[in-house]
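A short worksheet on the structure shown next.
Every number in this text was worked out from the coordinates using simple rules, so none of it is lab data. Everything quoted here is computed from the prediction, not taken from an experiment. Note that each Cβ is placed from the backbone with ideal geometry, even for glycine, and that neighbours are counted across all protein chains shown.
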Amino acid sequence: MKFATLLLSCVLASKLPAQSKPAADLIITNAKVWTVDKSHPTAQAVAVLGERIIAVGSNADVEALRGRETKVIDAGGKLLLPGFNDAHVHFVTSGTRLDQIQLGDATSVEEFARRIAERAKTTPKGQWIEGGDWDETKWTPPNLPTKDVIDSVTPDTPVFLEHHDGHMALANSIALRLAGVTAKTPDPPGGTIVRDAQGNPTGALKDAARNVVLRVIPSPSHEQRLQAMRRALESAAEFGVTSFQDMNDENSDSFADIRGYGELLQSGELTARVYVAPAISDWEKQAKVGIRHAFGSSSLRTGATKGFADGALGSGTAYFFDPYNDDPNNSGLLGEQMHPLSQMQDWMTKADAAGLQICAHAIGDRAISTVLDLYADVVKANGGVERRLRIEHAQHMAAKDFARFAQLGVIASVQPYQAIDDGRWAEARIGHDRASRTYAFRTFLSHGVHLAFGTDWPYAPFDPVLTVYAAVTRATLDGRNPNGWFPEQKLSVAEAVEAYTMGSAYAEFQEKEKGSITPGKLADMVLLSDDIFSIEPAKIRDVKVLKTIVGGRLVWDLDRKKQYSTAN
Ligand SMILES: [Zn+2]
């Protein structure tokens, strides 16, 4: 009886306000907090109530908010940052690739065939096996594989496997049959169907011939789309990416993606926040239902649009004022959506008038300049509202355009990892002068341009510490620039972290909601294995994420190698 009374009084007490401030749900103590909040840059501890931060300060400040139910994370002196916000990814494509077969490290044709046989056993009937990354130069002898190597182990399964250089693929007999490829099929323009001595296709398809089969591969089912999202969300949790901005590309159906994200949100599986940018050609579909920029909840938003002005440097399709140094007859070209230019101008002007945000892919200096011209026209046509126009990639700048970027308030949405990847060969393609304004992050900042960091995953690794490492060191992957490729463009760790958190939040109109560890903001944080501010910059790439917290909930814990849903 006495015990029951005591128990009852405890229950009552826990429902009553025992102190003036409510007890926190979570406190993180003994941390080296880097807040990215200029009014209060460092702290020891953070308190969270519900999904928001309620206090940032000393251990003692935060300890005062500890109640009986409060969960405590002792950070052990490790670095706590706001969660990373990847401003440019292709999420479903990336998630799909994670589940596809990987053959890049197969060292013999037998190993290659064995892995495909294994995969075929677990592949539902009618579903394709895709992926690959195979590299016959690792085999003895280094011969191209043929469909005969895999036909017997894939009697019911169509197979399409990409070569690691992306310019070739191997299809099996069923895949060729479904695509209608026979001995009589002519080579398509720009492609080669590899044939044996009798003229029969061997299964190897070069360049444009790949499209003959690619065309018949069904787009992902709804369930496959959800699965790809789940896989990509596992990576986001593991890498400390608490927000990402999902850009449309020609293979993606952004509206189907929004539906998928909505379902995962409802089931508690959406463990990162997403902002979706459907194609600008579809601007009317958003405008029709009254969607404006950053429409939605803190977990799932849309209202951006994505357009393409040109191609890429690697394929020689980035559009420049002057020809490529290694290809004097080629200056690249404007993308399909820019023909005629009046079409893009019309889309942009109407999308902007409807309150949608515009994100335009532009890589070559002339493509960037052309987009800035279009943006100036949009401002002129629709007046001076805060629109936060974006240029995605903004890789190779004309000297005159940095000031225009600033003047128009255009955000440079950049992917620093490309600087250490393309930096190996970019100068040979465009020469020293243009290379000096390539991935020119310092020049952008000195002109007062807003930087947002991202990766363009799956075309670069999703892991943010690699992006920070790239921006801080500019050490190209070939080891030839240990002190930095155009080192005057290096950023400090603090600048890189700010671009990846507040910068990316600003790029999606969310800088008041997230991007720094500030009372009132969403409790999205990462705890890192090492202090990236004090270790050797070269070691930043080895840093791991110990814990990822989204809206006050733990979604990744390295100790347990565990990903959590937001429902638990
Ligand atoms: Zn992209």
**Study point:** Residue-count net charge about residue 491 - beta-carbon cut-off 13 Å; Lys, Arg +1, Asp, Glu -1
**Key:** 0
Check your understanding: Pairing the Cα long axis of helix 109-122 with the longest principal axis of the chain, what angle in degrees results, from 0 to 90 and rounded to the nearest 10?
Key -> 60
Review point. Excluding same-chain residues fewer than 8 positions from residue 539, which lysines have a Cα within less than 20 Å of its Cα?
Key: 32, 78, 490, 547
Point to revise | Residue-averaged [θ]222 nm for the chain, counting only DSSP H segments that reach four residues, each worth -39500 (n - 2.57) | key: -9000 deg cm²/dmol
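When the convex hull of the C-alpha atoms of the chain is computed, what volume per residue in Å³ does it have? Intermediate values should be presented prior to the final figure.
Numbers: hull volume 108.5 nm³, N = 568.
So the per-residue Cα hull volume is 191 Å³.
Please arrange 187, 463 by counting, for each residue, the other beta carbons lying within 10 Å of its beta carbon, fewest first. Kindly include the intermediate steps, with their values, before the conclusion.
On the way: 187 16, 463 22.
Going from least to most buried by this count: 187, 463.
Order by neighbour count: 486, 321, fewest other Cβ atoms within 10 Å first, most last. Don't jump to the answer; show the numbers that get you there.
Values: 486 21, 321 14.
Ranked by crowding around the Cβ, least crowded first: 321, 486.
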Point to revise | Table column - 3J(HN,Hα) (Hz), segment 233-243, Karplus curve with 6.51, -1.76, 1.60, x for Gly and Pro | key: 5, 4, 5, 4, 4, 5, 9, x, 8, 9, 9
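Using packing as a proxy for protection, rank 287-295, 208-216 so that the peptide with the highest average count of other Cβ atoms within 10 Å comes first.
Numbers: 287-295: 15.2, 208-216: 17.9.
Top to bottom by mean Cβ count within 10 Å: 208-216, 287-295.
Can you tell me, using C-alpha contacts under 8 Å and at least 6 residues apart, the relative contact order of segment 81-195 as a whole percent? Walk me through the numbers on the way to the answer.
Values: 144 pairs, mean separation 24.6, N = 115.
Relative contact order, segment 81-195: 21 percent.
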Exercise for review: Note the direction-averaged projected area, equal to a quarter of the hull surface, for the Cα convex hull of segment 112-233, in nm².
Suggested key: 8.4
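Expressed as a fraction of 2.2 N^0.38 Å, the rule-of-thumb size for a compact globular protein of N residues, what is the C-alpha radius of gyration of segment 30-173?
Working: Rg = 25.8 Å, N = 144, 2.2 N^0.38 = 14.5 Å.
Taking the Cα Rg and dividing by 2.2 N^0.38 Å, one obtains 1.77.
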Review point. What ranking of 469, 500 emerges when the number of other C-beta atoms within 10 Å of each C-beta is taken as an exposure proxy, fewest first?
Key: 469, 500
**Study point:** Calculated from backbone phi, Karplus (6.51, -1.76, 1.60) coupling profile of segment 46-54 in Hz, x at Gly/Pro
**Key:** 9, 10, 10, 10, x, 9, 10, 7, 10
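Restricting to bridges with both residues inside segment 104-186, how much of the DSSP beta-bridge set is antiparallel, in percent to the nearest 5?
Working: 3 of 8 bridges.
Counting only bridges with both partners in segment 104-186, antiparallel ones make up about 40 percent.
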Check your understanding: segment 55-102 to segment 435-451: how many Å between their Cα centroids?
Key -> 29
Practice item. Compute the relative contact order of the chain as a whole-number percentage, counting only Cα pairs closer than 8 Å that sit 6 or more residues apart in sequence. Key: 16
Review point. On a 0 to 90 degree scale, rounded to 10, what angle separates helix 426-435 from the longest Cα axis of the chain?
Key: 60
Exercise for review: May I ask you to derive the relative contact order of segment 349-488, considering only C-alpha pairs under 8 Å and at least 6 residues apart, and to give it as an integer percent?
Suggested key: 22
Review point. Taking square-rooted eigenvalues a ≥ b ≥ c of the alpha carbon gyration tensor, is segment 172-243 rounded, prolate or oblate, where a/c under 1.5 means rounded and, failing that, a/b exceeding b/c means prolate?
Key: prolate
**Study point:** Share of alpha-carbon pairs per 10 Å distance bin for segment 194-305, given as whole %
**Key:** 12, 35, 26, 15, 8, 3, 0
Exercise for review: Return the whole-Å distance between the Cα centroid of segment 250-311 and the Cα centroid of segment 323-375.
Suggested key: 22
Exercise for review: Enumerate the calculated ³J(HN,Hα) couplings along segment 34-44 in order (Karplus 6.51 cos²θ - 1.76 cosθ + 1.60, θ = phi - 60°), each rounded to whole Hz, writing x wherever the residue is Gly or Pro.
Suggested key: 10, 7, 6, 10, 4, 6, 6, x, 10, 7, 10
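Have a look at the DSSP beta bridges in the chain and tell me what percent are antiparallel, nearest 5. Mind dumping the intermediate values first?
Details: 40 of 80 bridges.
Restricted to the chain, the bridges split so that about 50 percent are antiparallel.
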**Study point:** For segment 341-477, projected area of the alpha-carbon convex hull averaged over all directions, nm²
**Key:** 8.5
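Tell me, Kirkwood radius of segment 414-534 from alpha-carbon pair distances, in Å?
Numbers: mean 1/r = 0.0660 Å⁻¹.
In segment 414-534 this quantity evaluates to 15.1 Å.
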Point to revise | Between helix 2-15 and the chain: long-axis angle, C-alpha atoms, 0 to 90°, nearest 10 | key: 60
Check your understanding: What is the set of long-range amide H partners of residue 361 at a cut-off below 5 Å, with H atoms built 1.01 Å from backbone N?
Key -> 307, 308, 309, 392
Practice item. Provide the packing ranking of 270-281, 472-483, i.e. peptides ordered by the mean count of other C-beta atoms within 10 Å per residue, highest first. Key: 270-281, 472-483
Review point. If one computes the Cα centroid of segment 105-141 and of segment 380-404, what distance in Å separates the two points?
Key: 45
Exercise for review: Could you tell me what % of all Cα pairs in segment 470-518 have separations over 12 Å?
Suggested key: 64
